[in-house]
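Report on the structure given below.
All of the numbers you see were taken from the coordinates with simple rules; none came from a lab. None of the values given here were measured: they were computed from a predicted structure. Glycine gets a Cβ as well: all are built from the backbone with ideal geometry, and neighbour counts include every protein chain shown.
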Amino acid sequence: MKVLFEDDQTPKWYVALGDQWNGPLTAADVYEKVLSQEISWAHFVWKPGQVDWQRICDVPTFKAAVPILPGKGITKEVKDAASPTVKKSAGRRTAAPPPAPKKKTAEVRTWFLYYNDSQFGPFSPEEIDRFLRVGKIHGRVFGWKEGMPNWERLEGIALFGSGVVEAKKVRAKEKSAREKTGSTKAEKVEQRKAPRRPLVARIFLANDAAVIVAVCRDISVGGMQILTDRVPGSMGARLRMNVSPSSESKGNRIQPFVAEGVIVRILEDGRGFSFRFEKLPEESKRAIESYIATAE
């Protein structure tokens with residue numbers, strides 16, 4: 001087989017299967033499908049530069065490997081296979097072979113997003129729509145591309161209208177899930193009132209057995225927000241963590257502490273999560289309060 005197709009090892013062949021096509025394949029791949037009886041010599045194939053679909057047995061590349069068919073008595077099955085997408089009615093065709101495959105065009109990335117005090121991008125409109133539909137971002141996130149006088153919220157840009165609607169549905173489901181974990185509105189308000197301070201620390205997550213260096217935003221005795229691309233679980237997941245000062249931190253450092261709690265929110269861009277303390281030893285609470293009190 002390699003000898004037969006040694007000059008044709010580039011995946012460029014497409015095989016017509018009903019109203020669909022399979023490819024790109026090398027000539028050897030097409031030959032293997034014939035040998036395994038997935039297709040017959042009478043199926044249609046096409047490659048770039050070829051004017052129309054042709055039967056495998058009529059293509060010069062494959063002729064050397066085509067078995068010689070009897071001149072008479074060819075079976076009806078072979079005749080039917082010769083035109084897998086052609087139906088005959090009163091001697092006329094009612095369907096044609098599938099059109100030549102079109103090359104997939106690259107997504108044009110011209111959009112930028114702004115949220116969590118940071119700018120991200122560029123993204124294609126399709127990417128932003130996917131982010132909305134899976135709940136990574138929401139309609140209040142700002143979007144901009146060249147030619148726009150200013151940033152605008154995605155919910156005000158018609159192009160992303162349907163994605164914004166889906167994002168609202170996702171966030172509604174997330175809210176319901178948070179309520180099931182016991183995170184009440186009163187608890188959230190209380191946590192917001194607690195003093196907070198940014199923190200750079202080394203965090204050991206007991207259920208992940210991995211050390212993650214992360215930027216911890218808004219730490220308080222109620223919880224912390226952890227920025228990392230390695231989210232250790234979904235909303236509601238319970239974690240035990242050991243926090244110690246990072247070598248990257250400067251000035252006043254927090255004293256090492258341990259805590260247990262639950263993930264209450266995955267950040268919109270999927271690069272972090274909010275963590276609520278549920279079991280915070282007294283010495284851990286004092287370490288956090290002391291760290292916050294030293295803020296200038």
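What is the order of Trp144, Trp13, fewest Cβ neighbours within 10 Å to most?
The fewest-first ordering by Cβ neighbours comes to Trp144, Trp13.
Beyond 21 Å, what percent of the Cα pairs of segment 111-180 remain?
Considering segment 111-180, 23 percent of its Cα-Cα pairs are separated by more than 21 Å.
In whole angstrom, how long is each semi-axis of the equivalent ellipsoid of segment 16-56, when you take the square root of 5 times every eigenvalue of its Cα gyration tensor and sort them from largest down?
Semi-axes, largest first: 16, 12, 9 Å.
In terms of modelled amide H atoms, which long-range or inter-chain residues lie less than 5 Å from the amide H of Gly223?
Phe277
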